[in-house]
């Protein structure tokens, strides 16, 4: 505020127009709230933490208004909440969340395809006494189903401005942006409103009110289209539905394994060429070794897997966006309850096949504490995308590429077995937990109560945005963490160099060599060589790093000129026995070799004891299974 | 009088009157066949849920399972076992287990 202002303006108004304003984005799950958030803020969500709760706080500035913060609250069906996520929304709106003041206004994202419930929610929100504007989202879907509703009448009746929005379309939110601007002016210009809380608003009464209003605002009701009902008859059918689900899972598996192959080969060729080029270009010596054996071998071994990981994420995103996943959860509820979980855990478990870290976080939507803990405890066993490089490398190195029964590839079958092993182990452990626990505590029933949202076309813009985020995060990880670890590891395997009268390979005398030989006795019973032992350590940062580490260790340790710059596969093929390779695979099916997962488990369970227990049982399982596999394979095929 | 399943906002004119459903006794949604239209009578307690029963009743009501609402089962599990996919007259669909269905008391609507 400048002291040379010539136009007399009330001081309060000047302060108010630049004072920070928080607008809460509220809505039911599946109503397009996230898409709306992305449009309002340009998808620049900052993720922070609410104090004392492990729910993410997503917020970002409204486009064009740097002082306005949009807070994306977790989706909820009502202010009478059922799970941890929903609790947070309620607490923030009531001003009961420590560290957060009551929002200045609410942007309510209503689902036009379920107007009745949306109006009921709005009536509930009105009792908070905060200024509200309503984005009637999915209005294109509702319109295509025959809904004709006059939002002006809705605005009149409810005393709250309504605009129709189509959050996934570029122009679909312009009215909302304008309305948001008006809301901000309103909030800036007025005193803080008095909040009153209408405690016992009867749900039945609210619905009757909603029905009443809709009878005036809606001139033509919507109908679920025929194709929707017919599709659901198939996908929800106890037999056909399961077949469809299995087919979908099979297609994803095939795509990730087989379709990515040509692209992976190209990248591998590229990495190889870069290595060769640099070798010719750089003078022999330490620098050449660092760059070729450390960085290129290290980072290159991991970057090769970008196509596979991209395809995996792509399929999962399409499934999620389409609204199909709750149908799969419906089909699997029975099976999952038998092992102590439920349909609600299906989506977190499925995302565990991509990465356990967000999967563990998404278990927050599971209302039952017991079930949530069990889901978290078995999630690390599901074959995450980071294990793919390890599996693929070793399978390519030790399993011959034969065709079995005319159509199945032996390598593909092995990969499939590994996936199944992880899944079945998770089911078995969960079942054991259930047997053990129900002996102790009473088991009162728990509801399923999941919404089956309408099918929708997966949104290309949203999916490509998310995919880009995930792939660039992966590449960034490769560029930073893996790069750094590769360099560090290279240093450890190169220095100190072998003394003049050295007998064995130079690498034996390095720090890494010494450390590896030190740990080797622990892993000798399961057949691990010291090079594998030393690679396990950086593998804790991210599982893919094991491949990078093996790349560096073997590249530097190569004896003679031909050995340098050989890719890993021939090396492993030559140096690892079958039993060792299988034991390594078995170890990685179970071992919690990922600090990020352990860290998020600690965060979500809020209990060091439980985290250590989970880590412990997984390591015991990993070592035991590796030992069993090593001995059996050794007996059959020789060590 | 046959009843269409399109959402009816004017519950006084389009909904079936009591005389149509008088003959049907109150039963839980669990006992109905697939696609059998029914009208909800009330949400009752189910002690299998223990302390959270009240919260579940509330959540069912919040989702729209209220008296005088049309509902029908869309899908059942293998051999008619749980879970069940249930559709309200508004088109909203939910997956529910047997215990939740037992809380929803309704009357079957028979077309005359």
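Only the coordinates and a few stated rules stand behind these numbers; no lab work does. Since this is a predicted model, take the numbers as computed values, not measurements. Cβ atoms come from the backbone with ideal geometry, glycine included; neighbour counts cover every protein chain shown.
Points worth noting:
- Gyration tensor (alpha-carbon) shape descriptor, the range A:11-220, a/c threshold 1.5: rounded
- As a proxy for reagent exposure, A:304, A:274 were ordered by neighbouring Cβ count within 10 angstrom, fewest first; the result is A:274, A:304.
- Ranked list, fewest to most other Cβ atoms within 10 Å of each Cβ, for A:162, A:436: A:436, A:162
- Remark: spin-label model distance residue A:153-residue A:612 equals 6.5 nm, labels positioned 7 Å along the Cα→Cβ axis.
- For chain A, the longest principal axis of the Cα atoms and the long axis of helix A:115-126 meet at an angle of about 80 degrees.
- Take the Cα of residue A:436, step 7 Å toward its Cβ, do the same at residue A:276, and the gap between the two points is 5.4 nm.
- Between 0 and 90 degrees, the angle of helix A:460-477 with respect to the longest Cα principal axis of chain A falls at about 40 degrees.
- Taking the C-alpha atoms only, the angle from helix A:203-217 to the longest principal axis of chain A is near 70 degrees.
- Label-point separation, residue A:409 to residue A:266 (7 Å along Cα→Cβ), nm: 1.7
- Global form of the range A:564-639, assessed from the alpha-carbon gyration tensor, a/c cut-off 1.5: oblate
- Sites residue A:420 and residue A:460, calculated FRET efficiency, Cβ-Cβ separation with R0 35 Å, nearest 0.05: 0.60
- Gyration tensor (alpha-carbon) shape descriptor, the range B:19-108, a/c threshold 1.5: rounded
- Gyration tensor over alpha-carbon atoms, chain A, equivalent ellipsoid semi-axes in Å: 52, 30, 23
- Sorting A:206, A:593 by the number of Cβ atoms found within 10 Å of their own Cβ, with the fewest placed first, yields A:206, A:593.
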